Number of protein chains: 2
Amino acid sequence: MTTHGVVDTPAFMPIGTQGTVKAVTPRELREMNAQIILGNTYHLFVRPGLDVIKHFGGLHNFISWDGPILTDSGGYQIFSLANLRKITEEGVEFQNHIDGARAFISPEIAMEIQAGLGGDIAMALDECVPYPCEYDYAAQSAELTTRWAKRCKAVTASLGDAHAAHSVAATKQLLFGIVQGATFGDLRKQSAQAIVDLDFDGYAIGGVSVGEPEEEMMRAVESTEPFLPRDKPRYAMGLGTPPQLLEMIARGMDMFDCVLPTRLARNGTAFAAAGTLNLKNAEFALDKNPIEENCTCQACREFSRGYIRHLIKAEEILGLRLITLHNLHFYLNLMSRARTEIESGTFDQFRKAFVAEYKTRDAITVE
Amino acid sequence: MTTHGVVDTPAFMPIGTQGTVKAVTPRELREMNAQIILGNTYHLFVRPGLDVIKHFGGLHNFISWDGPILTDSGGYQIFSLANLRKITEEGVEFQNHIDGARAFISPEIAMEIQAGLGGDIAMALDECVPYPCEYDYAAQSAELTTRWAKRCKAVTASLGDAHAAHSVAATKQLLFGIVQGATFGDLRKQSAQAIVDLDFDGYAIGGVSVGEPEEEMMRAVESTEPFLPRDKPRYAMGLGTPPQLLEMIARGMDMFDCVLPTRLARNGTAFAAAGTLNLKNAEFALDKNPIEENCTCQACREFSRGYIRHLIKAEEILGLRLITLHNLHFYLNLMSRARTEIESGTFDQFRKAFVAEYKTRDAITVE
């Protein structure tokens with residue numbers, strides 16, 4: 001339960017990096033039954049900037065989305081800047097990717113920015129280490145993430161009343177902690193225990209989907225999950241392919257976000273039960289079928305593969321719009337189906353059948 | 001009255017160059033009360049090609065638009081290819097802009113392609129001369145256009161029964177003739193008389209909006225109009241700014257097409273009653289107003305100038321989508337208003353007031 005409504009889990013969160021799910025309107029998101037979207041704090045902090053979003057009364061008002069929003073802490077993007085950032089106990093100094101201006105984010109500042117954005121769920125600032133990562137660095141980093149998580153928690157606790165008076169959100173912003181520990185089982189366990197000790201509203205598993213093999217990803221989640229409380233949402237960050245999502249659900253995960261549906265759409269790639277389709281391929285030129293038979297998305301109800309292929313080849317925006325609608329629908333529908341199967345007690349059969357039918361393996365190349 | 005419905009005039013036709021009005025779905029076109037759209041024969045002939053579109057049962061089916069479509073003859077685009085084409089009595093030989101492949105279009109072929117596309121209104125093949133143009137060349141060219149028009153007319157007449165059997169359109173495709181004559185009054189008169197003698201379903205004024213000053217454009221239309229029959233639609237090709245459209249309506253024009261609403265949108269420029277707004281400007285960063293007060297388009301109902309500015313600055317597709325929706329709505333709504341004012345007998349006052357309020361003059365630079 002968030003300020004802007006209930007989120008049924010497992011849930012997929014379309015990513016609205018720069019204040020928009022790429023190429024999609026809020027109306028289209030509602031029509032595809034998106035329950036919650038993700039906003040990227042780093043991008044919004046750099047452009048248009050916190051002052052602008054506060055001026056508009058917070059992110060919901062600014063982007064005209066009245067459902068729940070989760071904002072990340074900005075950490076992942078800042079650590080992706082590689083040479084443009086410097087990390088200390090206090091926080092991270094970085095140069096932004098737009099104009100190279102220097103800025104500094106500490107756990108306290110990350111909380112302040114997210115309070116200003118007014119999302120329903122905020123994330124604690126963490127350090128996300130790359131893959132592969134040395135054990136010693138991963139251990140120190142996970143401990144730093146814990147100390148930062150403690151400071152984030154302290155800020156929101158102390159903000160308490162002030163928050164209620166100043167925040168654009170009428171009610172409480174939830175705060176999730178993030179477990180790190182790279183690919184090391186004992187570090188994952190230590191991190192999970194330390195973060196859970198701080199008592200957050202939900203828990204995320206970070207540092208996955210950073211280039212590691214799928215087995216390592218599964219192991220990282222498996223070594224974390226037993227230490228997360230069963231009555232709080234668990235969020236596997238930055239995942240994944242459709243089969244990976246089902247495997248993660250089987251491993252107790254509740255929330256997901258992933259760029260694949262929107263990013264692959266811009267590349268002409270559509271998701272289907274049998275795997276991904278590259279609609280640029282000549283084989284689709286005369287294909288009168290929809291992307292996927294029986295799919296109820298706007299693209300499949302009205303348009304053929306042949307037409308969408310033409311649009312993609314001609315670099316028409318409508319092409320990537322239609323595939324984006326389909327791909328997001330595919331992910332959201334997969335979660336909806338998973339919820340139904342869980343309720344019926346048939347999720348495991350469903351997962352096995354889906355994974356067996358889904359043929360695309362490691363063939364997804366992100367542009 | 002066309003095969004796919006009635007078109008109330010004056011009417012603006014959004015341009016669907018490559019089988020899509022750029023960035024817009026057919027549903028969105030219906031929601032903004034677009035009555036008829038334009039398809040570019042040249043572009044569709046080059047990609048995806050006539051065979052593909054015929055395979056899908058014609059342009060309406062291919063693009064999922066069930067309203068009327070007007071297809072141009074392809075002439076304008078081919079003559080824009082400049083050095084890549086060679087013109088003879090028989091027709092035009094050209095190299096396409098995609099892969100440089102050679103092709104040939106004659107009046108007969110232009111009719112055959114348009115029959116295959118299955119639009120509701122086809123256009124005769126004409127030569128569109130550039131501005132400025134020598135008198136002698138303009139005279140010869142207008143005569144060639146007349147001879148080509150005669151051949152186009154002959155094709156559709158002879159196709160008659162065969163057409164009814166083979167065409168994807170269930171009923172008759174209308175054919176419009178095009179008047180040329182550049183900026184020369186006597187040539188315009190001669191061309192109009194010769195084309196009207198051939199008895200088309202409607203008449204277009206071509207060779208305007210090709211770089212000439214506005215007064216020349218007005219004069220070209222004024223010297224053509226008296227020779228066009230009053231009971232047939234008159235189409236001023238490739239026009240124009242909002243004030244120009246009203247001036248053209250005052251001069252007896254019924255139909256228009258123009259790239260400005262969609263092209264300027266991609267550049268961040270929005271139409272408003274007071275003139276164009278460049279939404280990239282910093283002045284809009286904190287602006288909570290819609291693009292235009294009281295506008296009923298989707299963009300103005302839900303989004304602020306400040307948000308749209310952010311999207312454009314961040315190069316997000318949603319930004320150009322929203323401005324495109326607004327701009328097309330603006331043009332379509334202007335035509336709807338013009339129809340109402342004409343019915344009330346108050347069009348002249350409306351036109352004068354609109355033109356006086358509209359401040360943008362020669363300031364529109366197309367990217």
| message | of a type in the set (Gly, Ala, Ser), modelled with pLDDT of 95 or more and within 24 Å of A:Leu38 (Cβ to Cβ): which single residue out of A:Ala299, A:Ala282 fits that description? | response | A:Ala299
| said: Let me spell it out: the conditions are (1) assigned by TED's automatic domain parsing to the domain that holds A:Arg147; (2) in contact with a strand residue (DSSP E or B) (Cβ under 9 Å, 6 or more places away or on another chain); (3) touching a residue at least 24 places away in the same chain (Cβ under 8 Å); (4) surrounded by fewer than 24 Cβ atoms within 10 Å (Cβ to Cβ), and A:Phe104 meets all of them except one. Which number is the exception? | reply: (3)
| task | Mind listing whichever residues of region B:274-293 are at positive phi and either aliphatic (A, V, I, L, M) or not assigned by TED's automatic domain parsing to the domain that holds B:Phe330 (or both)? | result | none
| So which residues in region B:130-148 are within 28 Å of B:Glu112 (Cβ to Cβ), of a type outside the set (Lys, Arg) and at pLDDT 95 or above, if there are any at all? | B:Gln140, B:Ser141, B:Ala142, B:Glu143, B:Leu144, B:Thr145, B:Thr146, B:Trp148
| query | Is it fair to say A:Asn83 is polar (S, T, N, Q), assigned to a helix (DSSP H, G or I) and more than 20 Å from B:Leu311 (Cα to Cα)? | reply | yes
| said: Can you tell me which residue is nearest to the other protein chains (Cβ to nearest Cβ) among those in region A:89-99 that are surrounded by fewer than 17 Cβ atoms within 10 Å (Cβ to Cβ) and modelled with pLDDT under 95? | reply: A:Ile98
| message | Which of the helices (runs of 4 or more DSSP H) found entirely inside region A:16-78 contain at least 1 residues meeting this: acidic (Asp, Glu) and more than 8 Å from chain B (Cβ to nearest Cβ)? | response | A:26-31, A:50-55
| Any residue in region B:71-85 that is at pLDDT 95 or above, on the phi > 0 side of the Ramachandran plot and hydroxyl-bearing (Ser, Thr, Tyr)? | no
| query | Are any residues in region A:103-147 aromatic (Phe, Trp, Tyr) and either touching a His at 6+ places or on another chain (Cβ under 7 Å) or farther than 13 Å from A:Gly91 by Cα (or both), and if so, which ones? | reply | A:Tyr131, A:Tyr135, A:Tyr137
| query | Within region B:283-301, how many residues turn out to be within 10 Å of another protein chain (Cβ to nearest Cβ), without any contact (Cβ under 8 Å) to a residue 40 or more places away in the chain and over 23 Å from A:Phe45 (Cα atoms)? | reply | 2
| query | Could you say whether any residue in region A:302-315 is under 25 Å from A:Gly238 (Cβ atoms) and either crowded, with 18+ Cβ neighbours inside 10 Å or not assigned by TED's automatic domain parsing to the domain that holds A:Ala23 (or both)? | reply | no
| query | Can you name the condition, by its number, that A:Phe12 falls short on among (1) within 13 Å of chain B (Cβ to nearest Cβ); (2) among the aromatic types (Phe, Trp, Tyr); (3) within 30 Å of A:Ile342 (Cβ to Cβ)? | reply | (1)
| Can you pull out the residues in region A:302-325 that are of a type in the set (Asp, Glu) and more than 8 Å from chain B (Cβ to nearest Cβ)? | A:Glu315
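The values are calculated or read from the model by the stated rules, or taken from the named source; none is laboratory data. The shown structure was predicted, so the numbers you read here are calculated from the model rather than taken from an experiment. Don't worry about glycine lacking a Cβ; one is built from the backbone with ideal geometry, like all the others, and counts go over all protein chains shown.
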